[in-house]
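For reference, the structure is listed below as C-alpha cells.
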Amino acid sequence: MISSKYTIREQNEAKILTVIIDKKEVSRAELSTLTGLNKASVSAITKKMIEEDFITETRIGDASNVGGRKPIMLTFNRQSALVIAFDLGYNYIEAMLAYIDGTIIDSTRKKRIDVTAKTVVAQIKEITDYFLTIQPETPHGIIGLTAAIHGQVYKNVIHFTPYYDLDKSNLWEELQALYDFPIYLENEANLAALGEYTFSSHYQNLVSISIHSGIGAGIVENGHLQVGHRGRAGEIGHSILYPHGLDCPCGNSGCLEQYASNKATYQEYAKEAGLDYVNSDILQQAFNEKNQQAITLLEKNAELLSIGINNIIMMYDPEMVVINSSLHRKIPEMVDFINTQIKNRFSKDVLIRNTYLEKSATLYGAFAISAQNFLNIKKLKLIKVGIEELEDRD
Ligand SMILES: [Zn+2]
C-alpha cells in the first residue's frame, strides 16, 4: 500500500519547483515573474515547500536596482529524499542508493550470477534491505525503487526478455507487496536515455544507444521518453541488417545485434584469434598493441553500428546520439570510427559521443523515474555536478 506522501504533487508546486531547480537560486519575486503565478500564491506554496524540506532559504540576495527590500533566495534541497536503482542483467545485478539529485551514497555489483524469474525477487530484496539499514536520515526517505530490465517492458509489465526469463515473473507485484515506496520497471536502454536527458545534457531531443549482449536505443523527444505503443520503440538491435542472416531469439534472422553487439564482437574476435574468452579488456589491449585483426574487426563493427545509428537519426532527428557501451568507453576511438562512417548529409551534424555517466547511465535513468514521479516534474533536469564543464565542449 503506497502511503499518501507519494501522491502526486500539485501542478503549481511542480511549476515552482521546476524553476527553483533550473535556476539553482531564485527569489520569490523572480518566481512570480517566471511562473506567471501571483505573489500571494508563490508565497503560500514556497512556505509549504520550506516546511516540507523540499526547498531551503539560503541567503539574502541583492536588492533590485529600483531599491526596495533585499530578497531571500531559495534553492532546491538536493538531499531531501532517497532513490534506489537496479540494473538487472542476465548474469549480473548492479544497484545504487542515492540522494534525489543522483549523488551516490552506496553501490553494489554482483557479477557472474544467474538472474532468473525464480531468484530475482530475493536478489533484489537482499540488496534493498541492506540499503534500508544504511540509509542516511532525510525528510522524505526512499521515494522510489526503479529496476532496469533488459527486454521489452510496458507500464511495469515485462513482456519479452530474449536473454533471461524475467518475462515469466511477477516482479512488479511481488516487489510492491514487499515495500511501501513505489516500484517502477522500465527497459534498460530507455532508462539510459532518460539518465542522459536528466543528468548529463541540456538537450531536449536525444537518442542513447546501449550496446551489451543486445543493442537497444532509448529515445527522448521534446523531453519525453518515447516508448511506443507497447514499449517496443527503439529496439534497433532487432532491425534487419542482412536478410536471411543469422537467427535471432526474436524470431527473425539477420538482426543488427547478432553482428554488432559487444557479445557478437567478443565471440568473433575469440574465433579469429583462437581464444577461449574475450571481453572489453582483452580487445582494448589488442587495440592498444595495434593488433591488425582487432583493428579490422572494430572498424567493421563501427561500420555496422553506423548503419543502425544512421537509421535511427533518420527516424527521430535527435540533437545528440550517446553511446553506452563498455567496449566503446575502453576504446573511445571506436566512436571516431562511427563518426567517419556517418556520411549522410542529413545526419553529419548530429553529435555522436560516448556517455559522460561512465557505466551508470541506466542507473541514473532509474533515479530519474523515481524523482520525476515524486516531484511531478516530467522534464526534470538535474545536471550532475562536474558534467556542466564537459557539456560546454559539445
Ligand atoms: Zn532479433
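Nothing in this text is a laboratory measurement; each read-out follows from the coordinates by a stated rule. Just so we're clear, the structure is a prediction, and the values are computed from it rather than from any experiment. No Cβ is skipped: glycine too gets one built from the backbone with ideal geometry, and neighbour counts run over all protein chains shown.
Just to compare against my own numbers: the Cα pair-distance distribution for the range 233-322, 5 Å bins, whole % per bin, please.
It works out to 3, 13, 21, 21, 17, 15, 8, 2, 0, in whole percents.
Counting only complete DSSP H runs, which helices of the chain cover 20 Å or more along their long axis at the Cα atoms and score a mean Kyte-Doolittle of -0.5 or above?
120-134, 292-316, 361-375
Give the peptides 263-271, 94-102 in descending order of average Cβ contacts within 10 Å, highest first.
Details: 263-271: 17.1, 94-102: 23.0.
The most tightly packed comes first, giving 94-102, 263-271.
Treating the Cα atoms of the chain as identical point scatterers in vacuum, please give the log10 of the normalised Debye intensity I(q)/I(0) at q = 0.07, 0.08, 0.09 Å⁻¹, two decimals.
One equal scatterer on each Cα of the chain leads to -0.36, -0.46, -0.57.
Quick check for me: using +1 on Lys/Arg Cβ and -1 on Asp/Glu Cβ, what's the dipole size of the range 171-288 about its Cα centre, in debye to the nearest 20?
300
Give me the one-decimal Kirkwood hydrodynamic radius in Å for the range 106-259, with the sum taken over alpha-carbon pairs.
17.1
Work out the P(r) tail for the range 11-76: percent of alpha carbon pairs separated by more than 20 Å, whole number.
18
With a sphere of radius 14 Å drawn around the Cβ of residue 216, what net charge do the other residues whose Cβ falls strictly inside it have (Lys, Arg +1; Asp, Glu -1)?
Residues near residue 216 contribute -4 overall.
Can you compute the helix-only [θ] at 222 nm over the chain? Use -39500 (n - 2.57) per DSSP H run of at least 4 residues, normalise by all residues, nearest 500 deg cm²/dmol.
-11500 deg cm²/dmol
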